[in-house]
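So the structure is just underneath, and the comments pick up after that.
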Amino acid sequence: MSEEAVDADTGTGASTGTDTGASTDRGVAEVVCLGESMAVLLPDRQGPLEEVGSFRPAVGGAESNVACALARFGVRSAWISRVGDDGFGRRLRSAIGAYGVDVSAVAVDPHRPTGVYLKETGGSPHPYDLGPGRSRLHYYRSGSAASALSPGLLTDPRAARLLDGARLLHLSGITPALSDSCLELVRALLRDRRGTRLVSFDLNWRAALWHDRDPAVLAPLLDAADLLLIGSDEAETAFGEGDAHALRRMFPGPGTLVVKDSGNAATALGRDGAVVTEPALTVEVVEATGAGDAFAAGYLAGTLRGLGPQGRLRLGHLSAASALTAHGDQGTPPDPDTVTALLAATPGEWARTRVSASGIVSPALPGGAAGGTGR
């Protein structure tokens with residue numbers, strides 16, 4: 001990989017190009033995202049589960065969310081995992097593949113099921129209601145097919161082909177929490193630094209997953225990545241520290257650490273001491289699910305396209321905004337002309353930009369507005 005395309009060790013880009021369009025080369029994926037995805041059951045109404053009449057099936061998973069969002073930015077992406085030999089597993093492969101993601105290395109486990117989670121949303125008058133605007137996910141993933149991921153994956157020729165050809169491997173802290181074999185796979189992937197392939201790692205802290213496991217194994221994994229993405233709130237919960245500079249001292253290894261401060265700002269801290277902070281956009285939120293994964297995809301797309309630190313953060317914010325203004329995990333990113341204009345916006349123009357399901361309003365855009373960013 002040329003330094004002109006990616007320079008994650010310093011957190012700077014030699015090019016300030018804004019090309020996030022699809023490549024005409026449909027070869028091996030540029031980015032491989034590895035981790036569990038699950039079948040999702042979405043309720044037909046607000047309220048506690050006992051009041052739900054029916055559920056609508058969907059799919060969800062941090063790493064596959066990133067792969068799908070990258071594909072929407074025109075980045076060739078692949079998702080590697082295991083699913084059960086069941087209808088949910090077939091749905092996952094089909095739905096994720098429909099985004100243009102390479103699913104050729106998703107193994108089918110004949111003995112273990114595909115994991116499932118149910119979503120509960122508040123807003124009803126029922127006494128057990130979560131409350132307006134609140135939601136809860138109920139996971140049924142113990143013993144899932146994905147929990148059987150192991151270092152044996154590295155000998156699978158389908159997975160090896162994708163990993164050998166990728167410019168970047170994306171992992172998250174969910175995978176090592178699933179099982180001992182998943183932990184060993186992540187350790188092996190971080191040791192196996194072939195060629196110039198970079199590794200990005202999103203903390204994605206899930207307290208319930210670590211309830212019966214030792215979270216101390218997580219910090220060395222994070223520190224072994226080239227690019228580390230952490231939410232300040234989840235870092236506070238996981239490590240007792242949410243300050244960006246303190247986290248940079250805690251994790252000196254990655255070339256770049258990106259700390260996301262909820263809807264306020266994101267800060268990129270380079271190993272060389274460089275610090276760039278970019279405020280988040282003002283967004284009329286429809287649903288928060290998937291915003292963190294979308295930010296990761298935007299930041300990675302900007303990294304692969306050679307954007308500078310500010311451009312990578314802005315593309316992350318734009319991608320997150322597209323997810324925040326859509327129902328479900330995936331939103332549609334703005335068109336390339338809108339992206340180009342907003343990446344070049346002055347700080348004042350960026351601050352006055354407003355994003356909603358109906359579109360983007362910004363003084364940086366011709367006429368002040370662009371089309372919708374939702375589904």
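Scanning region 335-372 for residues that are open to solvent by 60 Å² or more (accessible area, probe 1.4 Å), among the acidic types (Asp, Glu) and either in contact with a strand residue (DSSP E or B) (Cβ under 6 Å, 6 or more places away or on another chain) or part of a helix (DSSP H, G or I) (or both) yields a single hit, Asp337. Count of region 56-103 residues, restricted to those that are open to solvent by less than 30 Å² (accessible area, probe 1.4 Å) and acidic (Asp, Glu), is 1. Determine whether region 147-167 contains at least one residue that is outside any loop (DSSP other than H, G, I, E, B), touching a strand residue (DSSP E or B) at 6+ places or on another chain (Cβ under 8 Å), closer than 23 Å to His327 by Cβ and not charged (D, E, K, R). No - not one qualifying residue is present in region 147-167.
Of the residues making up region 195-216, at least one is of a type outside the set (Lys, Arg), more than 21 Å from the chain's Cα centre (by Cα) and closer than 17 Å to Leu154 by Cα.
Taking the condition part of a loop (DSSP other than H, G, I, E, B), within 26 Å of Val199 (Cβ to Cβ), open to solvent by 20 Å² or more (accessible area, probe 1.4 Å) and not charged (D, E, K, R), does Thr332 pass? Considered against the rule, which asks whether it is part of a loop (DSSP other than H, G, I, E, B), within 26 Å of Val199 (Cβ to Cβ), open to solvent by 20 Å² or more (accessible area, probe 1.4 Å) and not charged (D, E, K, R), Thr332 comes out as no.
For region 216-231, filtering for residues that are small (Gly, Ala, Ser) and surrounded by fewer than 19 Cβ atoms within 10 Å (Cβ to Cβ) leaves 2. Glu120 - would you say it is part of a helix (DSSP H, G or I) and charged (D, E, K, R)? Criteria not met by Glu120. Of all the numbered requirements in (1) under 24 Å from Leu168 (Cα atoms); (2) surrounded by fewer than 24 Cβ atoms within 10 Å (Cβ to Cβ); (3) modelled with pLDDT of 95 or more, Gly302 misses one, and that requirement is (2). Screening Tyr117 on (1) in contact with a Leu (Cβ under 8 Å, 6 or more places away or on another chain); (2) among the aromatic types (Phe, Trp, Tyr); (3) over 24 Å from Gln46 (Cα atoms) shows it passes everything except condition (3).
Filter region 306-336 for residues that are among the acidic types (Asp, Glu) and either without any contact (Cβ under 8 Å) to a residue 24 or more places away in the chain or in contact with a Gly (Cβ under 6 Å, 6 or more places away or on another chain) (or both) and give the result. Even if it seems obvious, please write down each step before you answer.
Quick first cut of region 306-336, residues among the acidic types (Asp, Glu) only: 329, 335.
The one that is among the acidic types (Asp, Glu) and either without any contact (Cβ under 8 Å) to a residue 24 or more places away in the chain or in contact with a Gly (Cβ under 6 Å, 6 or more places away or on another chain) (or both): Asp329.
For region 112-166, residues that are open to solvent by 40 Å² or more (accessible area, probe 1.4 Å), of a type in the set (A, V, I, L, M) and over 22 Å from the mean Cα position of the chain (by Cα) total 1.
In region 232-250, how many residues are crowded, with 19+ Cβ neighbours inside 10 Å and farther than 18 Å from Pro176 by Cα? Going through region 232-250 one residue at a time, the tally reaches 4.
The values are calculated or read from the model by the stated rules, or taken from the named source; none is laboratory data. These numbers were taken from a predicted model, which means no experiment stands behind them. For neighbour counting, all protein chains shown are included, and Cβ atoms are generated from backbone atoms with ideal geometry for every residue, glycine included. Only protein heavy atoms, including side chains, enter the accessible area calculation; ligands, DNA and RNA are left aside. Shrake-Rupley method; radii C 1.70, N 1.55, O 1.52, S 1.80 Å.
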